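The values are calculated or read from the model by the stated rules, or taken from the named source; none is laboratory data. Bear in mind the structure is a predicted one, so any value in this text is a computation, not a measurement. Note that each Cβ is placed from the backbone with ideal geometry, even for glycine, and that neighbours are counted across all protein chains shown. Keep in mind that these areas ignore ligands, DNA and RNA; they rest on the heavy atoms of the full protein, side chains included. Shrake-Rupley method; radii C 1.70, N 1.55, O 1.52, S 1.80 Å.
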Amino acid sequence: MYPLTEINARRMDAPAFPITEAEPLMIEELGADQEAEVIAFLGERPGHTFGMTGFIRRNGLVSSHNLGSFYACRDRAGQLQGVAMIGRYILFETRSDAAIKAFAHLAQDCRNAHMLLGEQGEVETFWRYYADGGQSPRLYGREYLFEQRWPVEVKQGVPGLRLATMDDLDLIVPAHAQIAFDESGIDPLQVAPEGFRKRCARRIEMGQSWVLVENGRLLFKAEVVTDTPETIYLEGIWVDPLERGKDIGSRCMSQLSRSFLMRSSSVCVLVNERFKSAQAFYKKAGFKFISHYDTIFLKLQVH
C-alpha cells in the first residue's frame, strides 16, 4: 500500500561505527556459544531491537522455534557490524549500509520469508539491495512505534486479568488469527492452522499471554513478545468488538503497564498506520510516538 522511496535514511541514534563499501565484510551463521555477544550488541539499542531480542530470550540463538537462523556481519577486525535473523521473518540491526547490503544479498537465498520488518530508512535501504533477486512484495505497511514510561494513569483495576492457561487456547486462537488477517491480509487458520495453533499454545506455556475472560468469553488479550529490563514489547492486543469504547481495554492496558514498568524501563507496541482508533487508544493510555517502521509482506515462492 506504500511505495518504497529511494531515500537512504541514516539513524541519528545509532552508535558511530563508520565503515566503507571498500572494507571487506564477513557473514557467518551464528552458533549458540555466541549468544552473549549478540545480546550485548542488540542491547545497545534495546528500544529498536526488541524483535530479535525476544526470539533469542525466548528460544535461544539456535532453535527451530525461531523459524530461521541468526547471522553476524563482521568487519576485518572481527567486530560485529550487524546481526540479522533470516527465515520466516527478516529482521536486522546494523551499523552501516554495507552491512545492510550484505544481509539483503544473503536474504535473497531464502525463498520462504513471510515478512520484512524494520525502521523505515533501514528497510528502504535493504529493499534497494534485495528487490532484484528476492521475493516479490505482496503488501506494504507503515507502523508507528509507541512507547510508554512512568508515570502511568491509574485506572480502575481488573481483578480477572491473568496469565492465560491452555484452557483459554480455543478463545485465543481465533482472536489472534483475526489480528494476523487484519495486518497481513492472510488468515493463518486457512493457510497453516496447525502451526499457528501450536505457536499460540507455546506462548501460553511460556507465560506470554494475558487474558480477561468472563463467562467463557474473551474480552481482552495481550502477548508479551520481549521481556527485558530495558523494554517489554507487546503485540496481539485485542479487545472484544462488543466491548470497545467501554474502557475495558484501557483499564487492562493500564494494569499491565503499571505491572510491567515495575521491572522494565519501557513498554512498547507497533501500531499500523491504517488503524486510527488503535493509535488514539494508545495515545490516550499515555504511549508516545517514537519512530516509523515499515513492514513488507512477501509473496511465497511456489515450487
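Heavy-atom accessible surface of the chain, averaged per residue, reaches 47 Å², computed with a 1.4 Å probe.
Cross-link partners for LYS198 among the aspartates and glutamates, with Cα-Cα distance under 18 Å and sequence neighbours closer than 8 places in the same chain left out: ASP167, ASP168, ASP170, ASP187, GLU223, GLU235. In the range 56-155, a dipole from Cβ-located charges (positive for Lys and Arg, negative for Asp and Glu) runs towards its positive end, and of LEU116, TRP127, TYR71 it is TYR71 whose Cα lies farthest in that direction. Placing +1 on the Cβ of every Lys and Arg and -1 on the Cβ of every Asp and Glu, with nothing else charged, gives the chain a dipole about its Cα centre of roughly 820 debye. The length gained by stretching the chain between LYS155 and ARG274 to full extension, at 0.36 nm per residue less their Cα-Cα distance, is 40.1 nm. Rounded to the nearest 0.05, the FRET efficiency derived from the C-beta distance between VAL191 and ALA40 at R0 = 41 Å is 0.65. Packing around the peptides 110-123, 241-254, taken as the average count of other Cβ atoms within 10 Å per residue, puts them in this order, highest first: 110-123, 241-254. Partners of LYS155 within straight-line reach, counting lysines whose Cα lies under 28 Å from its Cα and excluding those fewer than 8 residues away in the same chain: LYS221, LYS246, LYS276, LYS283, LYS284, LYS288. Here the range 175-275 is assigned +1 on the Cβ of each Lys and Arg and -1 on the Cβ of each Asp and Glu. Its dipole about the Cα centre then comes out at about 240 debye. First check a/c for the range 159-294, with a ≥ b ≥ c the square roots of the eigenvalues of its C-alpha gyration tensor; if it is under 1.5, answer rounded, and if not, answer prolate when a/b is larger than b/c or oblate otherwise. Rounded.
The calculated FRET efficiency for the pair ASP170 and ASP109, based on their C-beta separation and a Förster distance of 30 Å, comes to about 0.20. Cross-link partners for LYS101 among the lysines, with Cα-Cα distance under 30 Å and sequence neighbours closer than 8 places in the same chain left out: LYS299.
Taking Cα atoms only, the orientation of helix 193-205 departs from the longest principal axis of the chain by about 70 degrees.
Here are a few candidate values for Rg/Rh (Cα atoms, Kirkwood Rh): (i) 0.92; (ii) 1.00; (iii) 0.96. Which one was actually calculated from the structure I just gave you? This structure yields the entry labelled (iii).
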